[in-house]
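To start, the structure under review is shown below, and the notes come after it.
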Amino acid sequence: MSTQPDAGPSDADEPLAGESIAVVGAGFGGLSAASYLADAGADVTLFERNEHPGGYAGRIERDGFRIDTGPSWYLMPEVFDRFFEQFGRSTDDYYDLIELDPLYEVIWKDGDRASMPADRAGQKALFESYEPGAGEVLDDYLADAAEAYELGMDRFVYPSRSRLRDMVDADVLRSGRALPKLREMDEYVSGYFESEKLRQIAEYKLVFLGGSPYNTPAIYTLMSHVDMNLGVSHPAGGIASVVDAMADLARELGVSIRTSEPVTAIEPSIPASTPTFTVETARRAADDGGTAAADARSASGSSTRFDRVVANAPPPHVERDLLPAGTVDRESYWESRTYAPSAYLSYIGVEGEVDLEHHTLVFPTDWRPHFDDIFDEPGWPDDPAYYVHVPSKTDPEAAPDGHEAVFLLVPLAAGLEDDPETRERFRELVFDDLAEHAGVDFRDRIVFEETACVDDFRRRFNAPRGTALALSHTLEQTGPLRPAHRAPGVDGLYYVGAYTNPGIGMPMCLLSGEHVAEAVVEDAAGSGVLPSVVPTSTLR
């Protein structure tokens with residue numbers, strides 16, 4: 001979708017001309033939606049409570065270190081390419097990518113280690129070393145994963161199918177071969193590999209989707225295609241550089257981005273025959289860490305009228321805290337949802353070298369008890385599976401000379417009680433575990449350390465139960481069974497981001513922004529026919 005000037009925009013070029021739209025929250029979904037809406041002609045104001053855009057994809061910049069505070073894996077590069085191409089740009093215009101090889105290393109607590117090569121021959125040799133014949137089976141498995149990816153993306157993800165009625169068309173009905181993939185992931189993968197370790201390699205990516213191998217449908221074998229076929233890259237400067245690129249693009253398209261300005265109320269007009277909204281905000285100092293209460297007011301706040309509102313904030317928070325009381329009553333619905341895990345996160349600057357790969361995964365040989373601690377009997381795990389990211393191994397922008405930047409993540413159950421004493425005990429458990437099983441102990445070389453955990457996600461992002469992601473991708477919360485883009489009972493209010501379709505992850509949130517913009521254009525036209533806000537030739 002080119003933004004180059006021409007003889008003048010037509011109504012078809014700018015279907016939202018004259019519309020004023022507020023976007024609440026500058027995560028990936030909010031930035032994406034703002035760009036599509038502005039390109040469709042709307043006057044868009046994007047409000048972000050924190051100092052920088054990005055939402056969960058924040059950053060720490062301190063003493064020469066630059067550490068991402070949220071997502072750290074750059075996967076599905078074609079979705080990012082496609083997004084920028086919609087606006088006549090390229091990712092190359094904004095940031096550089098570094099291809100990783102190995103893609104990651106797995107360390108098992110029985111002393112075994114395996115590095116995942118970027119090339120197929122190396123991957124097959126690795127699988128064969130664990131199970132005779134598994135190298136050839138890997139070809140079949142990854143072909144199956146590629147089919148799941150193409151099926152899922154072409155028929156369910158790129159097209160907007162956020163309502164059950166959207167599933168009743170010829171493309172979807174021709175997708176019956178996907179039905180076997182609706183069973184449990186671990187059961188499906190065990191049909192390919194007997195080795196527990198190979199199944200773990202095939203399944204670990206489900207954590208990125210907020211699920212486990214025991215509650216997520218096997219359609220998400222597509223994630224094996226995402227890393228082993230498509231590869232893993234690192235954007236120079238970290239994920240924060242991708243956020244900066246999206247914010248720059250949004251501004252180029254005319255979006256006004258107002259940071260350090262949390263939205264404190266969204267008031268629909270009454271009567272609502274012609275829906276409009278009053279959006280109240282508060283201004284605050286940029287260095288308060290994003291901890292101001294959701295209902296804070298300040299003398300420098302504002303109250304502005306908009307024709308529509310797109311919320312990239314968690315829908316339960318919008319309905320409970322921002323809308324007038326009683327506007328939407330879905331407390332029982334939200335209470336019944338399965339939430340993706342929270343996490344214990346540690347952001348660390350280390351003097352000297354850390355002997356780990358760019359991406360390292362540390363697994364117990366039996367990881368099911370940890371998943372039980374997350375989903376079935378919530379508790380702090382005694383034998384955790386976890387992830388360590390050392391971006392300075394690849395990216396000189398991540399740390400000053402002679403230092404390493406370290407990001408450590410342990411998935412936890414959402415809703416855990418999180419107090420300083422418990423957090424400190426758990427920190428020591430994880431560092432002891434890392435020293436014992438990975439042979440890495442840098443505690444006496446830490447230059448600085450910050451942590452985030454359940455309570456921080458509750459407080460900083462209004463996340464239900466302190467989830468670090470959103471709603472899990474269980475079968476009952478996949479595709480059109482996720483919350484809709486149109487808020488129930490409030491014309492002109494929309495949801496975008498990980499809580500909606502297509503779901504969790506940076507690429508999915510980019511597409512969610514496109515889909516919500518299509519819903520806005522449809523509603524503005526009043527046509528009942530879903531137009532596209534991008535050229536239909538790009539909808540592969």
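Observations, loosely collected:
- Fully extended contour minus Cα-Cα distance, from residue 101 to residue 118, at 0.36 nm per residue: 5.6 nm
- Signed unit charges on C-beta, dipole axis of the chain, positive-most listed residue 127, 17, 98: 17
- Potential extension, residue 397-residue 435 segment - 0.36 nm per residue separation minus Cα distance: 11.0 nm
- On Cα atoms only, tilt of 134-152 relative to the major axis of the chain in degrees: 10 degrees
- Nearest 10 degrees, 0 to 90: helix 506-525 Cα axis against the chain principal axis: 20 degrees
- Rough spin-label spacing in nm, given labels placed 7 Å along Cα→Cβ, for residue 451 and residue 128: 4.6 nm
- Helix 28-39 and the longest principal axis of the C-alpha atoms of the chain enclose an angle of approximately 40°.
- Net charge, residue 347 excluded, C-beta distance under 13 Å - Lys, Arg +1, Asp, Glu -1: -3
- The fraction of Cα-Cα pairs per 10 angstrom bin, counted from 0 for region 386-540, comes to 9, 26, 27, 21, 13, 5, 0 percent, rounded to whole percents.
- Cα-based Lys proximity count in the chain, under 22 Å, for pairs eight or more positions apart or on separate chains: 8
- Neighbour net charge for residue 240 - beta-carbon separation under 10 angstrom, K R +1, D E -1: -2
- Fraction of antiparallel bridges per DSSP, the chain only, in percent to nearest 5: 70 percent
- Over the chain, dividing the summed -39,500 (n - 2.57) contributions of all DSSP H runs of at least 4 residues by the number of residues returns a 222 nm mean residue ellipticity of -7500 deg cm²/dmol.
- Other residues lying with their Cβ under 10 Å from the Cβ of residue 445 contribute a combined charge of -4, Lys and Arg counting +1, Asp and Glu -1.
- Region 305-388: C-alpha gyration tensor shape, a/c 1.5 cut-off, then a/b vs b/c: oblate
Values quoted throughout were computed directly from the atomic coordinates according to the rules given, and no laboratory measurement underlies them. Here the structure is a predicted model, which is why all the values come from computation and not from measurement. Positions of Cβ are generated from backbone atoms using ideal geometry, with glycine treated the same way; all protein chains shown enter the neighbour counts.
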